[in-house]
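Data first, discussion second: the structure below is written as structure tokens.
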Amino acid sequence: MTKNSDIRHQNVSLLSIENELPPETVSSSYFDEKLAVTYKRLKMPKGLLERLAGISERRSWGESMTFEDGAVAAAEKAIASAGINKQQIGLMINASVTRDNFEPAVAVNIHDRLNLPRHALEFDITNACLGFVNAMTVAATMIDAGAIDYALIVAGEDPSPWHKTALRILDQPTATREDVLAQFATLTLGSGAAAAVIGRSDLHPEGHKILGSVSRAGTEHRKLCIGGEADQGMNTDAAGLLKYGLELVAEAWEEAHQQGWEWNTMDSYVTHQISNAHTNAIIEAVGIDEKKIPMTFPYWGNVAAAALPMTLAQEAPGYVEGNRILCMGVGSGLNTALMEIVW
């Protein structure tokens with residue numbers, strides 16, 4: 001028995017990928033100023049976010065936009081770029097971590113605001129930062145099965161409520177170094193949105209073929225990162241996530257090659273964007289050429305499920321026909337998914 005899920009696609013292409021950047025910028029020095037008293041009391045240096053994570057800033061929707069606005073804007077751009085009519089869309093999946101309420105699904109509002117047809121299925125897929133890649137696999141499988149011709153996948157993220165909770169926790173006179181470490185990952189998060197349209201390859205020879213994906217679960221590590229209600233905050237074992245997340249990716253990578261995939265000579269590796277340490281660890285774990293990994297976390301932060309597709313959207317204009325792209329996603333849980341696309 002193999003430990004990877006290995007899914008191959010026959011007739012699916014990525015037709016468009018777009019992102020939407022929030023209008024405001026929040027520097028890491030902003031958090032340093034907010035936590036100056038705590039850092040001084042705990043004898044911790046300023047600049048931890050930039051020095052340890054390599055993140056100098058991240059985006060915020062501010063008061064003028066919401067994560068849902070961003071997802072809708074990205075979706076409108078993706079539909080236009082794909083050159084299809086909204087009436088052709090048979091499925092819309094929202095893959096965001098962010099949500100304002102548990103019911104109904106976030107997808108409901110986005111479906112309505114986009115004025116998608118009644119026959120278009122819509123639902124949420126949530127799997128931490130891995131949701132977008134998972135959603136692409138589900139949609140691609142439905143296209144291969146002949147159930148639909150086109151699918152729209154969206155993700156819009158807004159961690160600002162968690163930022164406020166983390167600052168409130170760390171501003172307490174009883175806050176400890178351990179509290180700072182537990183809230184550190186929360187302050188690396190940023191806002192943003194992305195959307196993709198995928199469809200049948202036989203209808204779109206200009207599309208970018210999605211060959212398939214390999215996934216692997218390490219759910220024994222499910223307690224390393226737990227995010228609750230916004231006012232409860234998110235607690236993260238960053239060291240544990242790095243160690244066991246990289247082990248999971250390396251195991252999936254090795255077995256994927258035994259299953260016939262060949263990813264050592266890709267033209268681009270689009271990874272989930274977290275930090276310097278995470279990126280360097282991936283390079284070391286599987287031997288990727290550092291120059292082939294585009295990095296957006298220094299100025300976007302970790303944008304949860306939107307991070308990987310936002311980065312892919314930024315890089316897409318520079319790809320040429322025949323380029324082989326490997327999307328490398330990791331999500332709390334722990335889960336990983338590696339998806340190959342041929343431009």
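Couple of notes before you dig in:
- Each of the GluC sites (Glu not before Pro) that DSSP puts in a loop and that has at most 12 other Cβ atoms within 10 Å breaks the chain; the longest unbroken stretch is 64-205.
- Its relative contact order, with pairs defined as Cα atoms under 8 Å and 6+ residues apart, puts the chain at 27 percent.
- The relative contact order of the stretch 189-281, computed from alpha carbon pairs under 8 Å that lie at least 6 residues apart in sequence, is 20 percent.
- Were the residues from Glu63 through Asp267 laid out at 0.36 nm apart, the gain over their Cα-Cα distance would be 69.5 nm.
- Helix-only mean residue ellipticity at 222 nm for the chain, each DSSP H run of n ≥ 4 adding -39500 (n - 2.57), per residue, nearest 500: -10000 deg cm²/dmol
- Efficiency of FRET from Cβ geometry, Glu284 and Leu181, R₀ 22 Å, rounded to 0.05: 0.45
- Carbon + sulfur, % of accessible area of the stretch 242-343 - ligands and nucleic acids excluded, 1.4 Å: 48
- Within the full protein context, the accessible area of Asp158 is estimated at about 40 Å² for a probe radius of 1.4 Å.
- Modelled spin labels at Ala277 and Leu203, positioned 7 Å past Cα toward Cβ, are 4.6 nm from each other.
- Put simply, the amide H of Glu122, placed in the peptide plane, has neighbours under 5 Å in Met92, leaving out anything fewer than 5 places away on its chain.
- Long pairs among Lys40/Lys292; Lys223/Lys291; Lys46/Lys292; Lys34/Lys77; Lys86/Lys209; Lys3/Lys86, criterion Cα-Cα beyond 30 Å: Lys40/Lys292; Lys223/Lys291; Lys46/Lys292; Lys34/Lys77; Lys3/Lys86
- Long-range HN-HN contacts of Asp149 with modeled amide H, under 5 Å: Gly90
- Counting all C-alpha pairs of the stretch 229-333, share separated by more than 22 Å (%): 33
- Within the chain, the proportion of C-alpha pairs whose separation exceeds 33 Å stands at 24%.
- Placing a label point 7 Å from the Cα of Asn85 along the Cα-to-Cβ direction, the residues of the stretch 92-126 whose backbone N falls under 13 Å of that point are 117.
- Extension reserve of the Ile226-Arg51 stretch, reckoned as 0.36 nm per residue once the Cα distance is removed: 60.6 nm
- Database remark: amide H of Thr25 closer than 5 angstrom to the amide H of Ser60 (H placed geometrically; neighbours at sequence offset of 5 or more, or on other chains; Pro and chain starts carry no H).
- Highest-fluctuation residue, Gly156, Gly329, Gly318 considered, GNM on the chain with Cα pairs under 10 Å: Gly318
- The string of couplings for the stretch 127-142 from the Karplus curve (6.51, -1.76, 1.60, θ = phi - 60°) is 8, 6, 6, 9, x, 5, 5, 4, 5, 5, 5, 4, 5, 5, 5, 5 Hz, one whole number per residue in order, with x for Gly and Pro.
- Contact order relative to length of the stretch 1-127, as percent, for alpha carbon pairs under 8 angstrom and 6 or more apart: 24
- Remark: the chain carries 43 Å² of accessible area per residue (probe radius 1.4 Å; ligands, DNA and RNA excluded).
- If the segment from Arg8 to Arg118 were pulled out straight at 0.36 nm per residue, it would be longer than the present Cα-Cα gap by 36.6 nm.
- √(5λ) per eigenvalue of the Cα gyration tensor, the stretch 10-107, largest first, Å: 38, 16, 13
The values are calculated or read from the model by the stated rules, or taken from the named source; none is laboratory data. Predicted, not measured: the structure shown is a model, and the values here were computed from it. All Cβ positions, even for glycine, are placed from backbone atoms using ideal geometry, and neighbour counts span all protein chains on display. Keep in mind that these areas ignore ligands, DNA and RNA; they rest on the heavy atoms of the full protein, side chains included. Shrake-Rupley method; radii C 1.70, N 1.55, O 1.52, S 1.80 Å.
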